[in-house]
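Just below is one structure, and these are the notes that go with it.
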Amino acid sequence: MSQYEKVIILDFGGQYAHLIASRIRREQVLAEIYNPDEVTPEELNKPEIKGIILSGGPQSVYEDGSPQCDLAIFKLGKPVLGICYGHQYLSQSLGGTVTPGKHGKEYGRAEVKIDENCPLFKDIPKESVFWMSHGDSVTKLGDGFSTCGSSENCPQAAVWDKDRNLYGIQFHPEVTHSKYGSQLLKNFLDICAVKGDWTIEQYLDDQADVLRKKIGDKNIILFVSGGVDSTVCFSFLSKIIGKDRVKGLFVDTGLLRHEEVEFVEREIRNIGADLTVLRESNTFLGNLEGKTDPEEKREIIGNTFLEVQRKYFSDNQIGDDTLLAQGTIYPDTIETGATKNSVKIKTHHNRVPEIQKLIDDGKVIEPIADLYKDEVRALGEALGLPKELVWRHPFPGPGLGVRILCSAEKIEKLSLAVTDYKYVQYRTLPLKSVGVQGDFRTYRNPAILETKERDLETLEKISTELINKSEIINRVLYPLSDNKFETCEVISCDLDPARVQRLQKADHIVSQVLLEMNLYSEIWQFPVVLAPISFDGKGIESVILRPIDSIDAMSATVGKLPWEFFETVTNKILSDTDISSVFLDITSKPPGTIEWE
Ligand code: XMP
C-alpha cells in the first residue's frame, strides 16, 4: 500500500484518533496511525507522507508522563494539524502556554467564530457549530502563531502559523456533529496537496488478503447477535473463505428484547447462515446475581460468553482447526481503552481481558474491527444484505444487561433539593451513569430539569451548559410523566428476571410506537433504561428514554422525535407496565455516552 500518498495521525490516546483516519479515508486519502513516541522524524519525512495530524488525548500536556513526540517533526516542512490535545501540545511545544480550564471546560456543542482568511476554514461560515470535549485550553499562543477561531469559553479555539503551515484546533472536526468538520478536514488535505487516489474497495481487498492468511485452512465459528456488525462479519467471512467454513453461534443471554430470539433466528437463517442457538439465560442471569457495579456486570457478561463458547467447543469436540470470530467494531476497542495512550470508558463485552488475551494469542479474528458503524453498513450494502438487517438499530452485545441499572443500597425517603440555573431549575438524582468528558470516563449523577421549555434543541443546549458548569452532573433528564420530585426512593436490586421482563415490556412499547408512527428510521438507536428510583411513594421504578441521533456512535445528540410520540409512549408505559415515572435523556455524547452503563 506504500504507493499511496498519505497522511499520518499520531495517536495521543484520544477517543477520536481513529475516527480521524476514517474521515480522511472517506476523502479517498490513505491515513495511517502511529504511536507518537515510536515514530521518528526520518520515517515521517518520506515523500509519500503529505501531512501529519496530532490527535486528542486524555492527559494534560503539562503533566509528567503525558505522551510526547520528537519535536523535530514540526520542522520537516510538512503541514501539521493539532486537534484538542494535539493543538495544546503543538502550542506548548512552540512557546505557548496551556492552562487547566476552570471556566473553559466544554463538552459537546460550541459556537466558533472563525477567520475566513485561514485556508483551514475555506467554505466554512464565519460562525459554525463544532463539537468540543476539553478541560484545558491554550492561553498563550506559540511563537509565530495567530488566532483564527474562538468560542465563548475558548478564545484560542483555532490557531495557525501561516509560514510554517502549522494549525491547531481545540474542537473536533472528525465527529459528525461538527457540521463543517469534514469540510475542514478536506481543507487540510488541500493544504497537504495530497492525491486522493485510495478507495474503500481497495481497503477491503487488502483486508480480505490479510484475513485469508490469518485463517489459513481453519474453519470459523462466529458469535452472531442479529445486529448489523455480526451479520456483516458473517457475510464478509463467507465471501472470503466460503459459506461452508463459517458457522454462526447465537447465544440467548436472557438479556435480549421482546421476541428478539425468534427474530434473529429467522433473519440469520434467511441469509443462509448455518446457525446454532444456545439457550443460556440461566447461566447469564445466574452469574449476574447480586451484582450491581456496571463494569463488573460488563465483565461478567463478556466472560459468560466465553464460558458458553468453551462449553460448546468441548461438548462438540471442536479443536484447533477452528477459530473464533467476533464482529467487534472500532468503538468497542477505543472505549475499552485498548490503544496505547487511551483510557477506559467502558469494557465492551467483546473486549474483556480474557478475550483480549485470546486475541493477543491469535485465537480470535475480528474482520471489521477497524470500521465504524457507518462503514460497516456500507460494507453490508455492498455485500447485498437485506436493508432491514443493515439499517436495524444497533443493540449492544451485553443487551438489556447494561440498561438495567442496579443498586446495592436502599434509600427510603431522600429529599431532592432544587437548584436555580438561569431560567430553569434542576434537582440532582441519587443515581449514577457513565459519561465521556475530554477523553475520560465519568461516573456521575444525572439532574432532572424542571422547566416549561419544550423545544428539544433548546433543552439540549441547556443540558450541555449545565454539565459544562458542574463537577457532579454528567446527564440531564426531562420528566415526561407528571410526578413530584421533592423526595425520591432508591430501590436495592440486582438484575433479576422480573426486572428484565419489566424493561422488555417498556422497550417493546417504544419499538411498537416508533413503527406505528413511522419513526423507526428517523432515529439511529433507542435505548430504554430501567432505573431503580421511585417518586410515587410505593417503590415502583422508573424508565428513561434515550432516542439517539448519530452516524457512528462516536458523537450523538438526542433524537428529535415529535412530542406526540413521547406522550403516546409515556401514557402506554404508565398504563401497561409496572413503572411509575418516565424520563427523556436530553444529553449529547459527549458528555454522556449512549448507554447508561
Ligand atoms: P456508548 O454507550 O459507549 O455506546 O456511547 C456506543 C455504541 O456501542 C454500543 N455498545 C456496545 N456494543 N458491546 C457492543 O457490542 C458492548 O459492550 C457495548 N456497549 C455499548 C451502544 O449500544 C452504542 O451503539
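The values are calculated or read from the model by the stated rules, or taken from the named source; none is laboratory data. What you see is a predicted model, and the numbers here were worked out from it, not measured in a lab. Glycine also receives a Cβ, built like all others from the backbone with ideal geometry; neighbour counts cover every protein chain displayed. When the accessible area is computed, the model is the full protein with side chains, heavy atoms only, and any ligands, DNA or RNA have been set aside. Shrake-Rupley method; radii C 1.70, N 1.55, O 1.52, S 1.80 Å.
Values for this structure:
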{"item": "Whole-Hz ³J(HN,Hα) from phi, Karplus 6.51 cos²θ - 1.76 cosθ + 1.60, for segment 480-488, glycine and proline x", "result": "9, 9, 8, 10, 9, 10, 5, 10, 9"}
{"item": "Local electrostatic count at Lys126 - Lys and Arg +1, Asp and Glu -1, tallied over other residues with Cβ under 11 Å", "result": "-3"}
{"item": "Environment charge of Asn341, counting only residues whose C-beta is closer than 11 Å and scoring Lys/Arg +1, Asp/Glu -1", "result": "-2"}
{"item": "Distance (nanometres) between label positions extended 7 Å along Cα→Cβ at Ile411 and Lys484", "result": "1.9 nm"}
{"item": "Distance between segment 364-432 and segment 101-165 - C-alpha centres, whole angstrom", "result": "31 Å"}
{"item": "Relative packing of peptides 305-316, 185-196, 132-143 - highest average C-beta neighbours within 10 Å first", "result": "132-143, 185-196, 305-316"}
{"item": "All-pairs alpha carbon distance profile, the chain, 20 Å steps from 0, percent", "result": "20, 52, 27, 1"}
{"item": "Helix runs (DSSP H) in the chain reaching 18 Å along axis by Cα, Kyte-Doolittle at least 0.5", "result": "228-241"}
{"item": "Span from the segment 485-536 Cα centroid across to the segment 238-291 one, whole angstrom", "result": "23 Å"}
{"item": "For segment 527-536, Karplus couplings with θ = phi - 60° (6.51, -1.76, 1.60), whole Hz, Gly/Pro x", "result": "x, 10, 10, 9, 10, x, 10, 9, 10, 9"}
{"item": "For Gly82, residues with placed amide H under 5 Å, excluding near neighbours", "result": "Leu54, Tyr167, Gly168, Ile169"}
{"item": "Accessible area expressed per residue, segment 6-192, with surrounding protein chains retained (probe 1.4 Å, Å²)", "result": "36 Å²"}
{"item": "Trp563 accessible area, assembled protein chains, probe 1.4 Å, Å²", "result": "50 Å²"}
{"item": "Those lysines that a straight Cα-Cα span of less than 18 Å connects to Lys311, excepting residues fewer than 8 apart in one chain", "result": "Lys247, Lys363"}
{"item": "Accessible area (Å², 1.4 Å probe, nearest 10) - Leu278", "result": "30 Å²"}
{"item": "Label-point separation, Ile540 to Lys357 (7 Å along Cα→Cβ), nm", "result": "4.7 nm"}
{"item": "Whole-number Å³ per residue for the convex hull built on Cα positions in segment 200-400", "result": "122 Å³"}
{"item": "Residue-averaged [θ]222 nm for the chain, counting only DSSP H segments that reach four residues, each worth -39500 (n - 2.57)", "result": "-9500 deg cm²/dmol"}
{"item": "Segment 403-539, accessible surface, carbon-and-sulfur percent (1.4 angstrom probe)", "result": "46 percent"}
{"item": "Theoretical FRET efficiency, 1/(1+(r/R0)^6), r = Cβ-Cβ of Glu63 and Gln28, R0 30 Å, to 0.05", "result": "0.20"}
{"item": "Formal net charge of residues neighbouring Leu44 (Cβ-Cβ distance under 10 Å; K, R +1; D, E -1)", "result": "-1"}
{"item": "Per residue, the convex hull volume that the Cα atoms of segment 6-192 enclose (Å³)", "result": "97 Å³"}
{"item": "Amide H partners (placed H, <5 Å) of Val436, local residues excluded", "result": "Thr442, Gly592, Thr593"}
{"item": "5 angstrom amide H check on Tyr421, placed H, neighbours 5+ away", "result": "Tyr426"}
{"item": "Alpha-carbon Rg with Dmax, taken over segment 262-314, Å", "result": "13.8, 40"}
{"item": "Virtual spin-label span in nm between Glu307 and Lys452, 7 Å along Cα→Cβ", "result": "5.5 nm"}
{"item": "Per-pair calculated FRET efficiency, R0 = 22 Å: Glu381 and Asn518 via Cβ, rounded to 0.05", "result": "0.50"}
{"item": "Theoretical FRET efficiency, 1/(1+(r/R0)^6), r = Cβ-Cβ of Thr97 and Asp163, R0 30 Å, to 0.05", "result": "0.90"}
{"item": "Unpartnered cysteines - no second Cys beta carbon under 4.7 Å - across the chain", "result": "Cys69, Cys84, Cys154, Cys192, Cys233, Cys406, Cys488, Cys493"}
